Amino acid sequence: MEEVLSTLVRGLGFGSLYAMLAVSFVIIYKSSRVISFAQPAMMLAGATLVSYLAGPVGFYLAVPLAALGIAALGLGIERATIRPMIGRPVFVIAIITLGLDIAIRVVVNVFIGRDVRQVGDPWGLSTVEVLGLTVQQRYIAMIVVLVVVVAALFSFFRYSRWGLAMRAASLDQETALVQGVSVGTAMAMSWAMAGGLAAVAGAFVGTGGGVDQSTWVIALKALPAIIIGGLDSIEGAVVGGLAVGVVESFVAAYQADVAPWLGQNFSLVSPYVLLLLVLLVRPYGLFGTREVERV
Amino acid sequence: MLAVSNLEVVYDDVVLVLRGVSLDVPDGQIVGLLGANGAGKTTLLRALSGLLDIHHGEITRGQVSLDGERIDHLGPQQIVDRGISQVLEGRRVFGEFTVEENLRVGAHTKPKDRAANLERVFDLFPRLLERRTQAAGYLSGGEQQMLAMGRALMSNPRYLLLDEPSLGLAPQLVGSIRDLITAINEQGTTVLLVEQNASMALSIADHGYVMETGRVVMDKPAEDLLADDDIREFYLGLGAEGSARSFRDVKHYRRRKRWLS
């Protein structure tokens, strides 16, 4: 029992990271109808920035600073490369983000160097007893950060003036324009928010093990998460991210005993199996908007 | 005064939609703009509210001015900020939002006056107050039209541009929308009313313009338009004598019997 629970906590911890990354994809998708493949690079850049800032200012201040820095990067990217492409096919913009991803990673890799960089987090691999269960502190931190971030996003989109404006712009741009909403600003804000979120996720990806040049691959786990949840739903991204984390963690823990014929490291594939199963039942994702079709 | 002079608008560099349109909207009035499909009414509204850009339209000649200052180079949000608010054709409420959220988006440019404007809108449209927390997509057509008008009023506009508010509504609802437009006007908002329903528009307008294929072909006070023979015949469906014309008089051919003759 204890093993099941600690596997669950581990899954929820990593799931929280996937969820944060997935939410960052969804925020961009909702505003620009494009999946930004530059998010992995933004995450890596955020983690690297934290690893440089943590020394002088400490981890707790480094994370928000890095989030701001990467948000500014997102803002710049939107202004320089995405805004001029408004009205062009989405496919073209998606390819641009692929190029951006590679370009940013090359630059960031120079700063990472060949070794693993530590992000200077206070937790490392140390554990704590919670209700008789031994769990790593960093998993608890990840879950707490996800809860805080999701609560903040939820109230921002529900109650604030600009949150409403961003939602309005994603539903119907022309109508939003007529209400005096600057759709361009709404889009820029979504890229900045997605950048900031990716940076926070990156900082926590670096906890425990540190950051190296191949850390960006973790961000790709967000892809099955957003597809499971439905591309245009933030709730869906959170649920999808947590589901991917938990499934991966359980498969990693038990597959060797239960189904050894699947071979080693099957847990890496498991999110995609889950994705396949969900899509078979609900082709538009768990929370996605169903394509309304008149027949 | 909101004024358009000699306006020429081209879509996609080739389609000339407005050919020298001039129009004045004096403060405090209701101005009606009539015309058949494709006459350029909506394009004229787009030119006023800065929406031509996103439809690949361009003003090639003439100008739009507000109190003598040119506004045709401004973006939509600056125009809303200066007090010109448009209700798009077909209502276009945010279906997934609640009624109140729709209204709050309308208040985007005037966040300080939000509470006061919300009260004013709920006063004008008590139905919206009843349905405050419902998803706007589930409202009836008339309620959606009220919501769209209320949302435009949330920015406290001096000029309200209405694009076919009677579209697809039952005659009784058209009547209540008409009364609401009068009420809005009496509260001090100038209204430019674009309509195909000419009798509704002319019954409340002070001044009327008639557009055909990109030109203003008639420009008279509303009473004169109502009395005009051509308007009565082509827009109000009334014969010259004031009686509905029977098709029997129009028919100039004899029915041919094809069977058993």
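Just so you know, all these numbers are worked out from the coordinates, no wet-lab data involved. The model shown is predicted, which means the values in this text are computed figures rather than measured ones. Ideal geometry is used to build each Cβ from the backbone, glycine not excepted, and the neighbour counts take in all protein chains shown.
At-a-glance table
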read-out: Segment B:90-116, residues that are crowded, with 20+ Cβ neighbours inside 10 Å, closer than 11 Å to residue B:150 by Cβ and more than 7 Å from chain A (Cβ to nearest Cβ); value: B:93, B:99, B:102, B:103, B:107
read-out: Given (1) on the phi < 0 side of the Ramachandran plot; (2) surrounded by fewer than 18 Cβ atoms within 10 Å (Cβ to Cβ); (3) assigned to a loop (DSSP other than H, G, I, E, B), number of the condition residue B:78 does not satisfy; value: (3)
read-out: Selection within segment B:123-158 - in contact with a strand residue (DSSP E or B) (Cβ under 9 Å, 6 or more places away or on another chain) and either free of Cβ contacts under 8 Å to residues at least 24 places away in the same chain or within 13 Å of chain A (Cβ to nearest Cβ) (or both); value: B:133, B:135, B:136, B:148, B:149, B:151, B:152, B:153, B:154, B:155, B:156, B:157
read-out: Top-ranked residue in segment B:29-55 [being under 16 Å from the mean Cα position of the chain (by Cα) and part of a loop (DSSP other than H, G, I, E, B); ranked as farthest from residue B:89 (Cα to Cα)]; value: B:29
read-out: Tally of residues being of a type in the set (Ser, Thr, Tyr) and touching a helix residue (DSSP H, G or I) at 6+ places or on another chain (Cβ under 6 Å) across segment A:142-186; value: 2
read-out: Segment A:205-233 - residue that is crowded, with 24+ Cβ neighbours inside 10 Å and closer than 17 Å to residue A:108 by Cβ and, of those, farthest from the other protein chains (Cβ to nearest Cβ); value: A:211
read-out: Residue in segment A:65-79 that is surrounded by fewer than 21 Cβ atoms within 10 Å (Cβ to Cβ), in contact with a helix residue (DSSP H, G or I) (Cβ under 8 Å, 6 or more places away or on another chain) and under 16 Å from residue A:149 (Cβ atoms) present; value: yes
read-out: Scope segment A:26-50; condition in a helix (DSSP H, G or I) and within 17 Å of residue A:104 (Cα to Cα); matching residues; value: A:39, A:40, A:41, A:42, A:43, A:44, A:45, A:46, A:47, A:48, A:49, A:50
read-out: All positions within segment A:136-191 that are more than 14 Å from chain B (Cβ to nearest Cβ) and of a type in the set (Ser, Thr, Tyr); value: A:139, A:190
read-out: Number of the condition not met by residue A:255 [criteria: (1) touching a Leu at 6+ places or on another chain (Cβ under 8 Å); (2) farther than 30 Å from residue B:107 by Cα; (3) in contact (Cβ under 8 Å) with a residue 40 or more places away in the chain; (4) outside any loop (DSSP other than H, G, I, E, B)]; value: (3)
read-out: Helices (runs of 4 or more DSSP H) within segment A:129-180 that include 1 or more residues over 22 Å from the mean Cα position of the chain (by Cα) and more than 30 Å from residue B:42 (Cα to Cα); value: A:137-159
read-out: Of all residues in segment A:241-280 being in contact with a Phe, Trp or Tyr (Cβ under 8 Å, 6 or more places away or on another chain) and under 25 Å from residue A:198 (Cα atoms), the one that is surrounded by the most Cβ atoms within 10 Å (Cβ to Cβ); value: A:241
read-out: Answer residue from segment B:54-89, given it is of a type in the set (Lys, Arg) and farther than 17 Å from residue B:192 by Cα and is nearest to the other protein chains (Cβ to nearest Cβ) among those; value: B:70
read-out: Of all residues making up segment A:198-241, the number that are assigned to a loop (DSSP other than H, G, I, E, B), hydroxyl-bearing (Ser, Thr, Tyr) and touching a helix residue (DSSP H, G or I) at 6+ places or on another chain (Cβ under 9 Å); value: 2
read-out: Among (1) part of a helix (DSSP H, G or I); (2) farther than 14 Å from residue A:194 by Cα - the single one residue A:88 does not satisfy; value: (1)
read-out: Filter pass, residue A:120 being within 14 Å of chain B (Cβ to nearest Cβ) and buried (at least 16 other Cβ atoms within 10 Å of the Cβ); value: no
read-out: Residues that are farther than 22 Å from residue B:182 by Cα and either out of contact with any strand residue (DSSP E or B) (no Cβ under 8 Å at 6 or more places or on another chain) or within 14 Å of chain A (Cβ to nearest Cβ) (or both), drawn from segment B:22-42; value: B:37, B:38
read-out: Identity of the residue in segment B:56-75, part of a strand (DSSP E or B) and among the small types (Gly, Ala, Ser), that ends up surrounded by the fewest Cβ atoms within 10 Å (Cβ to Cβ); value: B:65
read-out: Residue B:51 vs. criteria within 7 Å of chain A (Cβ to nearest Cβ) and free of Cβ contacts under 8 Å to residues at least 40 places away in the same chain; value: yes
read-out: Residue count for segment B:20-55, restricted to those that are closer than 20 Å to residue B:220 by Cβ and surrounded by 16 or more Cβ atoms within 10 Å (Cβ to Cβ); value: 14
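One line per residue, one yes/no per condition, for (1) on the phi > 0 side of the Ramachandran plot; (2) of a type outside the set (Val, Ile, Thr):
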| residue | (1), (2) |
| --- | --- |
| B:13 | yes, yes |
| B:48 | no, yes |
| B:52 | no, yes |
| B:57 | no, yes |
| B:60 | no, no |
| B:71 | no, no |
